[in-house]
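Working notes, structure below.
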Amino acid sequence: MALLEVEHLEVCFPSRDGEIRAVRDVSFTLERGERLGIVGESGAGKSVLAFSLLKLLSRPGRIVRGQVRFEGRELTPLSDRQLRRIRGNRVAMIFQDPLTTLNPVLTIGQQMIESLKAHRRIAARDARILALHKLRQLQVSSPEQRLEQYPHQLSGGLCQRVVIAIALLLDPDIIIADEPTTALDVTIQAEIIALLRQLCDKHNVGLIVISHDLGVIGQLTQRLLVMYAGRIVEQGPTREIINDAQHPYTQGLINALPQMTLPRQRLAQIPGNMPTLSRAPDGCAFHPRCRYGFTSSGQPRQDCRERVPGIIVSGDSQVACHWVQELIATAPVEEDMP
Ligand code: SF4
């Protein structure tokens with residue numbers, strides 16, 4: 001049994017323009033110890049999907065269809081009280097900006113001890129020992145001193161290590177990390193990526209990382225979901241997708257990565273913008289931006305414009321595109337990524 005199973009999940013927000021379907025028919029699984037990435041541009045629905053897994057959606061957002069199972073137990077009918085026991089205890093979240101996650105008026109020690117006491121019966125002295133142990137595990141320098149410091153006294157990288165230490169205090173089974181390295185500079189990013197990989201491998205923790213940055217996801221994850229306008233358009237092994245993406249949107253994201261183009265080569269941007277979710281086009285939502293979505297005379301292809309593509313299994317990947325088989329058949333053979 002998978003650690004987490006998501007089946008046909010749909011999340012909606014009512015609005016003046018009508019119902020906004022922020023997550024549409026999303027299905028995936030996460031195994032114990034697996035590192036899964038969710039990638040897409042802003043507005044693709046990645047964060048809404050992550051928040052909906054633990055019913056942490058801001059109101060009036062709600063799950064209207066589908067199931068989320070954790071160790072086989074259905075989460076969607078659970079009360080807030082029952083879910084609180086799972087959140088923090090079994091599933092921990094790490095957010096983009098560590099400084100806004102931490103409370104500025106409490107020391108690191110107070111925050112770690114409070115977090116432990118909120119979920120476990122534990123004496124303050126034992127909680128302090130455990131907090132120190134986690135800081136050491138996260139290779140935080142001078143951990144005793146850090147416990148007495150306030151967040152503003154730490155660097156961004158150190159703050160993110162503390163946030164990860166807090167997330168790991170209760171030995172969760174899953175960590176959900178929303179853009180965990182976006183607010184950090186490149187060197188610190190690499191350290192946090194290495195740290196998360198090592199922690200998941202060593203402690204068999206499942207990791208879901210949400211990012212707009214395919215470079216970060218490529219280094220950190222084993223499996224990848226690519227989202228566009230609330231739907232998964234491609235999913236499969238990360239390395240396979242990065243070396244040989246099959247959905248035109250994923251290909252566009254990869255072509256826009258600086259390290260994958262030759263020196264002095266202009267980066268290929270995907271034309272146009274992600275549609276607002278309240279006005280996502282019919283059919284394949286990517287069709288107005290897709291270079292394959294038009295006939296040679298420049299007319300939109302009828303099936304791209306009118307029918308939502310079903311899932312096509314291709315190798316170890318799944319791709320939602322009407323024309324994927326033809327695109328594979330005509331694609332030039334390229335060298336794999338080193
Ligand atoms: Fe492009 Fe059509 Fe495939 Fe959508 S279904 S990605 S518009 S070719």
Log entry, pairs with first residue in region 313-328 being over 16 Å from residue 240 (Cβ atoms), second being more than 9 Å from the ligand (Cβ to nearest atom), beta carbons closer than 6 Å, six or more apart or on different chains, reads 320/311
Across (1) in contact with a helix residue (DSSP H, G or I) (Cβ under 8 Å, 6 or more places away or on another chain); (2) not in a helix (DSSP H, G or I), residue 121 clears everything bar (1)
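Only one of 141, 211, 155 is under 20 Å from residue 47 (Cα atoms) and among the small types (Gly, Ala, Ser); which?
Exactly one residue qualifies, and that residue is 211.
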If we only count strands (runs of 3 or more DSSP E) wholly inside region 1-66, which ones have 3 or more residues that are within 24 Å of residue 309 (Cβ to Cβ) and open to solvent by 20 Å² or more (accessible area, probe 1.4 Å)?
4-15, 18-30
Within region 92-118, which residues are touching a Phe, Trp or Tyr at 6+ places or on another chain (Cβ under 9 Å) and part of a helix (DSSP H, G or I)?
101, 108
Return a yes/no flag: does region 234-254 have any residue that is over 16 Å from the mean Cα position of the chain (by Cα) and modelled with pLDDT under 90.
no
Go through region 268-325 and count every residue that is part of a loop (DSSP other than H, G, I, E, B), within 13 Å of the ligand (Cβ to nearest atom) and among the charged types (D, E, K, R).
4
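Which residue is nearest to residue 188 (Cα to Cα), if the candidates are limited to region 198-220 and must be in a loop (DSSP other than H, G, I, E, B) and open to solvent by 10 Å² or more (accessible area, probe 1.4 Å)?
Selected residue: 213.
Considering only residues that are in contact (Cβ under 8 Å) with a residue 12 or more places away in the chain and more than 26 Å from the chain's Cα centre (by Cα), which ones fall in region 100-120?
If the condition is that a residue be in contact (Cβ under 8 Å) with a residue 12 or more places away in the chain and more than 26 Å from the chain's Cα centre (by Cα), then 104, 105, 106, 107, 108, 109, 113, 118, 120 are the ones that fit.
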Could you tell me which residue of region 295-338 is farthest from residue 228 (Cα to Cα), considering only residues that are at pLDDT 85 or above and aliphatic (A, V, I, L, M)?
313
Going residue by residue through region 67-74, is there one that turns out to be crowded, with 19+ Cβ neighbours inside 10 Å, assigned to a helix (DSSP H, G or I) and either of a type outside the set (A, V, I, L, M) or touching a residue at least 24 places away in the same chain (Cβ under 8 Å) (or both)?
no
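The values are calculated or read from the model by the stated rules, or taken from the named source; none is laboratory data. Quick caveat: nothing in here was measured; it's all calculated off a predicted structure. Don't worry about glycine lacking a Cβ; one is built from the backbone with ideal geometry, like all the others, and counts go over all protein chains shown. Only protein heavy atoms, including side chains, enter the accessible area calculation; ligands, DNA and RNA are left aside. Shrake-Rupley method; radii C 1.70, N 1.55, O 1.52, S 1.80 Å.
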